[in-house]
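Here the structure comes first, spelled out in structure tokens, and everything after it is commentary.
What follows draws every value from the coordinates through simple rules; no lab data is involved. None of these values were measured; they are calculated from a predicted model. Ideal geometry is used to build each Cβ from the backbone, glycine not excepted, and the neighbour counts take in all protein chains shown.
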């Protein structure tokens, strides 16, 4: 038998800048949880998301008051307060906003679509209230999170409502627990064979298309990477991935000499059967 190893385990962006080191330097005691309706989002995730990250969209659509309450809270939140939050609070807030607004985009459709890609303009044109302004899903992901923070683990946390996306977590992200939550998300993501499969007999490594679309996000922290295989982006991604593997798989990736390819992406809706 082949030696196959799969470890168990989107308006104007300049209005929202990362606090970065300056936000940390202010040492403010103000936190996102003080003004954002985290309990409402927690209730949604606990009630309508199962342990595989699948969503009961029909039930959520029929009982959307908590989702709407959370989205109302991120709409009226004060931008000046956001600037005083720690970097981890800002990132957690933006991940929660993206995931919640994606849920909203799905249940706003009647009937519910079989794929988020069936909703015209869902990422680029549909605007949502955020910090007393308007942002598209693309703005939140690309123009704020990716532009203002050097944190590639967000790609294991942002859920675009497709089966090949990361699993939707059954709890909100919080600044206080962000590092542990993101690490857990990465481990869960990499445990899926469509996300990472290492076939040492065939000298093949297959990874998620997410690592293709956003491969450059790993370069600042994980390149140059000695050994490994593929392009600069692929080597950086594999360097990152290797830190989550057992010693044998880590050594295999570092040695190089294999081909790297990307798995097919399933855009079917991440709905409960």
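Measuring r between the beta carbons of residue 65 and residue 264 and using R0 = 35 Å, the FRET efficiency lands at 0.40. Secondary structure note: in the chain, about 70% of the DSSP beta bridges are antiparallel.
Between residue 194 and residue 216, the modelled label-to-label distance comes to 2.7 nm, taking each label 7 Å out from Cα in the direction of the beta carbon. Taken as Cα centroids, region 78-105 and region 47-72 sit 18 Å apart, rounded to the nearest whole angstrom. Computed over the chain, the per-residue total of -39500 (n - 2.57) for DSSP H runs of n ≥ 4 gives a 222 nm mean residue ellipticity of -11000 deg cm²/dmol, rounded to 500.
Taking the fewest neighbouring Cβ atoms within 10 Å as the starting point, the ordered list for 110, 115, 208, 86 is 110, 115, 86, 208. Here 130, 54 are placed in order of increasing Cβ neighbour count within 10 Å, fewest first, which gives 54, 130. The calculated FRET efficiency for residue 124 paired with residue 231, based on their beta-carbon distance and R0 = 25 Å, is about 0.35.
Computed from label points 7 Å out along Cα-Cβ, the spacing between residue 202 and residue 183 is 3.3 nm.
Under the simplified labelling scheme, the residue 76-residue 150 pair shows an inter-label distance of 3.9 nm, with each label point 7 Å from Cα along Cα→Cβ.
According to the square roots a ≥ b ≥ c of the eigenvalues of the Cα gyration tensor, what is the shape class of region 101-191, taking rounded for a/c under 1.5, prolate for a/b larger than b/c otherwise, and oblate for the remainder? Oblate, since a/c reaches 1.5 and b/c is not below a/b.
Ordering 213, 123 by the number of other Cβ atoms within 10 Å of each residue's own Cβ, fewest first, gives 213, 123. With Cα atoms as the point set, region 10-172 shows a radius of gyration and Dmax of 15.1, 48 Å.
Taking each residue as 0.36 nm, the span from residue 114 to residue 272 lengthens on full extension beyond its C-alpha to C-alpha distance by 55.7 nm.
Does region 25-110 come out rounded, prolate or oblate by the C-alpha gyration tensor, with a ≥ b ≥ c the root eigenvalues, rounded set by a/c under 1.5 and, if not, prolate when a/b is larger than b/c and oblate if not? Prolate shape, in that a/c is at least 1.5 and a/b is the bigger ratio.
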